[in-house]
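The block underneath contains the structure these notes are about, expressed in structure tokens.
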Amino acid sequence: MKKNEAVTKVMSSNPVSVGQNQSVSAARRILEEKGIHHLPVTDGDQLVGILTATDFLRVSFGEFGNQDARSLDAMLDHTYTIADLMNSAPTTISKDQTVRDAAVVLATSTFHSLPVVDGQTLVGIVTSSDLIHYLLEQY
């Protein structure tokens, strides 16, 4: 196994992201339609947070449960902003760090994705699944 492989080898480049001023319903639809669980939040190309499927689960949808998607989205947009739900200080990894560095962070944390940055500019994302696929390629 290559111990000093660059994280850029396993990250998803140009990750799907959402602008901080977009609606919560737009973010919910992106997660659902793209089948992803982690959505970096940006201001231009600068990372300002991360929104995950788990963040949506934290919000009590009991009162919204029997509504169609359109009504649900209207309620979300009326009640929340992206800033209300996102983690505004996500742990990140530099594009110059290694796969091992990413693995150490994800193995010792309670989250499953790391935005990859060049300074504050979002350049990719690496997830626990990316690391597992990388490991499988080694064997």
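Quick note: the coordinates plus some simple rules give every number you see, no bench work behind them. Since the model is a prediction, treat every value here as computed from it, not as a measurement. Cβ coordinates were reconstructed from backbone atoms using ideal geometry, including for glycine residues, and neighbour counts include every protein chain displayed.
Key figures for this structure:
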read-out: Dipole magnitude of the chain, debye to nearest 20 (Cβ charges: Lys/Arg +1, Asp/Glu -1, about Cα centre); value: 380 debye
read-out: Per residue, the convex hull volume that the Cα atoms of the chain enclose (Å³); value: 110 Å³
read-out: Listed residues M75, M86, M11, most fluctuating in the chain (Gaussian network, C-alpha, under 10 Å); value: M75
read-out: Residue among I82, T52, V24 farthest towards the positive dipole end of segment 7-96, charges placed on Cβ; value: T52
read-out: Within the chain, percent of DSSP bridges classed antiparallel, to nearest 5; value: 80 percent
read-out: Mean-position separation - Cα centroids, segment 95-139 and segment 13-49, in angstrom; value: 18 Å
